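Trainee: The structure follows.
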Amino acid sequence: MTTIYLDASALIAYFNKADEFHESACPVIDSTELNLELFTSDVTVLELQYVLWRKISGEVAIEKTQGVMEAEDIYVLSTNTDDIFRELEIFKRYPMPSFDALICAVMQREGIKFLLSFDRGHFDAVEGITRVENLKDLKTMLR
């Protein structure tokens, strides 16, 4: 089984049909052929809620946040103090938004290699993390 972390950009694209990455996010998140285990974290869920609130509406933000929290096929990981200390080390080495550095810390703690994200640039520099944007690329990387 392959584990993959879902960044807020991936979840936003999945829920927002108008998002430019909607057609890329859905096949990965909905994939049954690759037997993927989907992970995210509490911090990412809060980022998702905030962005949906700002871009769409509070009602949609609440509905989708609850949906992720209650989904049986998405594991929501809790962040802890050790993750924040690791985030600081990542932030020193790879300057990026602190929430993204915290995602890297959680992924490293859990041994998750793949990240579905449309935030190009900073994630690509972090050792041990492979960012993917679509199902085709993920399939290629898994060969």
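Trainee: Quick one: E63 ticks every box in (1) of a type in the set (D, E, K, R); (2) in contact (Cβ under 8 Å) with a residue 60 or more places away in the chain; (3) over 27 Å from D137 (Cβ atoms) bar one, so which box is it?
Mentor: (2)
Yes/no per residue for (1) touching a residue at least 24 places away in the same chain (Cβ under 8 Å); (2) assigned to a helix (DSSP H, G or I):
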| residue | (1), (2) |
| --- | --- |
| D82 | yes, yes |
| I90 | yes, yes |
| A101 | no, yes |
| R109 | yes, yes |
| L115 | yes, no |
| R120 | no, no |
| G128 | no, no |
| L138 | yes, yes |
| M141 | yes, yes |
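Trainee: Something else about it: Within segment 40-56, can one find any residue that is touching a residue at least 12 places away in the same chain (Cβ under 8 Å), on the phi < 0 side of the Ramachandran plot, of a type in the set (G, A, S) and buried (at least 19 other Cβ atoms within 10 Å of the Cβ)?
Mentor: Taking every residue of segment 40-56 in turn, at least one turns out to be touching a residue at least 12 places away in the same chain (Cβ under 8 Å), on the phi < 0 side of the Ramachandran plot, of a type in the set (G, A, S) and buried (at least 19 other Cβ atoms within 10 Å of the Cβ).
Trainee: Please report, ordered by residue number, the helices (runs of 4 or more DSSP H) entirely within segment 1-76 with at least 1 residues that are touching a Lys or Arg at 6+ places or on another chain (Cβ under 6 Å).
Mentor: 8-15, 42-55
Trainee: Give the number of residues within segment 126-137 that are within 18 Å of D30 (Cα to Cα) and over 15 Å from the mean Cα position of the chain (by Cα).
Mentor: 2
Trainee: A further question on this structure: So, A18, is that one hydrophobic (A, V, I, L, M, F, W, C) and either within 15 Å of the chain's Cα centre (by Cα) or surrounded by 14 or more Cβ atoms within 10 Å (Cβ to Cβ) (or both) or not?
Mentor: In short, no.
Trainee: Looking at F85, F99 in this structure, which one is over 16 Å from N134 (Cα atoms), more than 13 Å from the chain's Cα centre (by Cα) and either among the aromatic types (F, W, Y) or at pLDDT 95 or above (or both)? Even if it seems obvious, please write down each step before you answer.
Mentor: Working: F99 fails: more than 13 Å from the chain's Cα centre (by Cα).
Selected residue: F85, the only one of F85, F99 that is over 16 Å from N134 (Cα atoms), more than 13 Å from the chain's Cα centre (by Cα) and either among the aromatic types (F, W, Y) or at pLDDT 95 or above (or both).
Trainee: Something else about it: Only one of these is within 16 Å of S24 (Cα to Cα) and under 14 Å from the mean Cα position of the chain (by Cα): F123, F114. Name it. If you could, list the steps in order and put the result at the bottom.
Mentor: Working: F123 fails: within 16 Å of S24 (Cα to Cα).
Being within 16 Å of S24 (Cα to Cα) and under 14 Å from the mean Cα position of the chain (by Cα) holds for just one of F123, F114, which is F114.
Trainee: Just one of K92, K113, K64 is over 28 Å from N35 (Cα atoms) and either among the charged types (D, E, K, R) or modelled with pLDDT under 95 (or both); which is it?
Mentor: Checking each option against the conditions leaves just K92.
Trainee: Residue check, E33 against (1) surrounded by fewer than 16 Cβ atoms within 10 Å (Cβ to Cβ); (2) charged (D, E, K, R); (3) touching a residue at least 24 places away in the same chain (Cβ under 8 Å), all met but one. Which one?
Mentor: Only one criterion is unmet by E33, namely (3).
Trainee: Check off (1) more than 16 Å from the chain's Cα centre (by Cα); (2) within 15 Å of A10 (Cβ to Cβ); (3) not aliphatic (A, V, I, L, M) for T140 and give me the number that stays unchecked.
Mentor: (2)
Trainee: I need the full set of residues from segment 121-143 which are of a type in the set (K, R) and surrounded by fewer than 19 Cβ atoms within 10 Å (Cβ to Cβ), in order please.
Mentor: Matches in segment 121-143: K136, K139, R143.
The values are calculated or read from the model by the stated rules, or taken from the named source; none is laboratory data. Predicted model only: the values in this text are computed from it and were never measured. We place every Cβ from the backbone using ideal geometry, glycine too, and count neighbours over all the protein chains shown.
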